[in-house]
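Structure, as structure tokens:
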Amino acid sequence: MKIICIGRNYLAHIKELDNDLPTEPMFFLKPETALLALGEPFPYPDFSHEIHYETELVLRVCKTGKAIDEKSASEYYDAITVGIDFTARDLQSKCKAKGHPWEIAKAFDYSAPMGGFRKINTLKHPEDIAFGMKLNDNWVQQGHSRDMIFSFDRIVAHVSRFVTLNEGDCIFTGTPQGVGEVHVGDKLELFLEGDPVFEFEVK
Ligand code: ZN
């Protein structure tokens, strides 16, 4: 499986990082080794001093597709959860300044913790999915899928023009505002439609 991540999909987050508004979805990949087993702590990596959390809705692809039409895109994903797109912001800033790829800042081991998936057709409000994260018992990010610049269908159509999607692939759909640093000892709790999905610590 592969993990695809969409960048810059919520206006308020684009402003907080002082980025430009995208005209089409931008994406990058993380390898399977970015997964973190449920119940395991996230090991703070030794190559960064500025690890940021980005709380995101994550789609699960349910069948193979290439160059998927936006109108039929919803047939290609069936389940959703929340996850963290961990980012070594210090390394990312250096890569951006040099015009280099970002992989070392985004694709490192355990950088994509995510919860168990729920079928989208069992959600209370699939047209506007609420999600969020509590850091040490305080809300730091709360988002709604209606605030996305690019819809799930648009994302699936765009990504599959370039990369074949396979069953089991996961798509992180971008973070709302409120990103920030984590530190050793922090506790992160993730929520979908108000329900706790999973939690873990930074060690
Ligand atoms: Zn992200």
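Things worth noting here:
- Residue satisfying all of: in the stretch 85-129; among the small types (Gly, Ala, Ser) and in contact (Cβ under 8 Å) with a residue 12 or more places away in the chain; surrounded by the fewest Cβ atoms within 10 Å (Cβ to Cβ) among these: GLY116
- Residue selected from the stretch 61-86 under the condition out of contact with any helix residue (DSSP H, G or I) (no Cβ under 9 Å at 6 or more places or on another chain) and more than 13 Å from the ligand (Cβ to nearest atom), by the criterion farthest from ASP128 (Cα to Cα): GLU75
- Considering GLY180, GLY174, GLY185, the condition of being surrounded by fewer than 18 Cβ atoms within 10 Å (Cβ to Cβ), touching a residue at least 12 places away in the same chain (Cβ under 8 Å) and under 15 Å from the mean Cα position of the chain (by Cα) is satisfied by GLY180 alone.
- Residue pairs whose Cβ atoms lie under 7 Å apart, sitting 6 or more positions apart in sequence or on different chains, and linking a residue in the stretch 150-164 that is in contact (Cβ under 8 Å) with a residue 24 or more places away in the chain to a partner that is of a type in the set (Gly, Ala, Ser) and assigned to a helix (DSSP H, G or I), are ASP153/ALA73; ASP153/SER74; VAL156/ALA73; ALA157/ALA73.
- Residue in the stretch 1-16 that is farthest from the ligand (Cβ to nearest atom), counting only those that are surrounded by fewer than 18 Cβ atoms within 10 Å (Cβ to Cβ) and at pLDDT 95 or above: MET1
- Condition met for ASN19 (surrounded by fewer than 14 Cβ atoms within 10 Å (Cβ to Cβ) and within 15 Å of the ligand (Cβ to nearest atom)): yes
- Filtered by the rule that a residue be away from the ligand (no atom under 16 Å from the Cβ) and assigned to a strand (DSSP E or B), the stretch 143-189 gives HIS144, LEU165, LYS187, GLU189.
- Restricting attention to the stretch 113-134 and to residues that are assigned to a strand (DSSP E or B) and within 16 Å of the ligand (Cβ to nearest atom), the residue that is farthest from PRO43 (Cα to Cα) turns out to be PHE131.
- Looking across the stretch 130-149, the residues that are in contact (Cβ under 8 Å) with a residue 24 or more places away in the chain and either of a type in the set (Asp, Glu) or over 30 Å from GLU201 (Cβ atoms) (or both) come down to ASP137, ASP147, ILE149.
- Selection count where residues are under 22 Å from PRO176 (Cα atoms) and over 15 Å from the mean Cα position of the chain (by Cα), scope the stretch 104-118: 1
- Residues that are within 16 Å of the ligand (Cβ to nearest atom) and of a type in the set (A, V, I, L, M, F, W, C), drawn from the stretch 33-59: ALA34, LEU35, LEU36, PHE42, ILE51, LEU57, VAL58, LEU59
- LYS119 being under 22 Å from LYS2 (Cβ atoms), in contact with a helix residue (DSSP H, G or I) (Cβ under 9 Å, 6 or more places away or on another chain) and not aliphatic (A, V, I, L, M): no
- Output for the stretch 88-99, where each listed residue is touching a helix residue (DSSP H, G or I) at 6+ places or on another chain (Cβ under 6 Å) and of a type outside the set (A, V, I, L, M, F, W, C): GLN92
- So LYS30, is it within 16 Å of the chain's Cα centre (by Cα) and either under 23 Å from SER111 (Cα atoms) or away from the ligand (no atom under 16 Å from the Cβ) (or both): yes
The values are calculated or read from the model by the stated rules, or taken from the named source; none is laboratory data. Since this is a predicted model, take the numbers as computed values, not measurements. Positions of Cβ are generated from backbone atoms using ideal geometry, with glycine treated the same way; all protein chains shown enter the neighbour counts.
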